[in-house]
Each structure stands twice: as structure tokens, then as C-alpha cells.
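Just below is one structure, and these are the notes that go with it.
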Amino acid sequence: MKQLESIVDRLEKGNVELEESIAIYARGEALKARCEALLKSAEQRIQKITLGADGTPTGTTPLDVD
């Protein structure tokens, strides 16, 4: 994440040559995709605890993040 933030900062400042800008932009896209994949994987592992009528835990179900 820090590397992605650094890339965005450098591109926003605009003091990078065109060829380097293209290269670090491509690296930023790859890092963004990796971060999104990690987030999706984490979301899939999160589960919601289900409770019975008396309020006691009865199990778990996948968390609906939508």
C-alpha cells in the first residue's frame, strides 16, 4: 500500500519523465489489482455470527458485503 501511495504522490507532483511515468503507472495498476484481490479474499473469509431467538449464537453465515 505504501508503494502505491508513493507512486500516486510522484505522479500527482508531475516531476517524473514521461517514460518513467508510464512505467510507474503500470506498476501502480498492478499494485492496485493486488490490493483489490487481497481485500476480496479477506471479505470472503469474514463471517457473520447468527443468533437464535433467545440471543445465543447458533452458527455463522457468509457476510453479505453488498
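Conditions first: (1) among the β-branched types (Val, Ile, Thr); (2) within 20 Å of the chain's Cα centre (by Cα); (3) exposed (fewer than 10 other Cβ atoms within 10 Å of the Cβ). Ile24 passes all but one, so which condition is the exception?
For Ile24, the exception is condition (3).
Determine the pairs where a residue that is surrounded by 10 or more Cβ atoms within 10 Å (Cβ to Cβ), located within region 34-47, has a partner that is of a type outside the set (S, T, N, Q) and assigned to a helix (DSSP H, G or I) with Cβ atoms under 8 Å apart, the partner being 6 or more residues away or on another chain.
Close Cβ pairs satisfying both conditions: Cys35/Leu4.
Failed condition for Leu18, given (1) within 13 Å of the chain's Cα centre (by Cα); (2) open to solvent by 100 Å² or more (accessible area, probe 1.4 Å), with all others met?
The single condition Leu18 does not satisfy is (1).
Does Leu63 satisfy the condition of being surrounded by 11 or more Cβ atoms within 10 Å (Cβ to Cβ) and modelled with pLDDT under 85?
Numbers: surrounded by 11 or more Cβ atoms within 10 Å (Cβ to Cβ): yes; modelled with pLDDT under 85: yes.
Against the criterion (surrounded by 11 or more Cβ atoms within 10 Å (Cβ to Cβ) and modelled with pLDDT under 85), Leu63 qualifies.
The values are calculated or read from the model by the stated rules, or taken from the named source; none is laboratory data. Computed from a predicted structure; not experimentally measured. FYI the Cβ positions are ideal-geometry reconstructions off the backbone, even for glycines, and counts take in every protein chain you see. Keep in mind that these areas ignore ligands, DNA and RNA; they rest on the heavy atoms of the full protein, side chains included. Shrake-Rupley method; radii C 1.70, N 1.55, O 1.52, S 1.80 Å.
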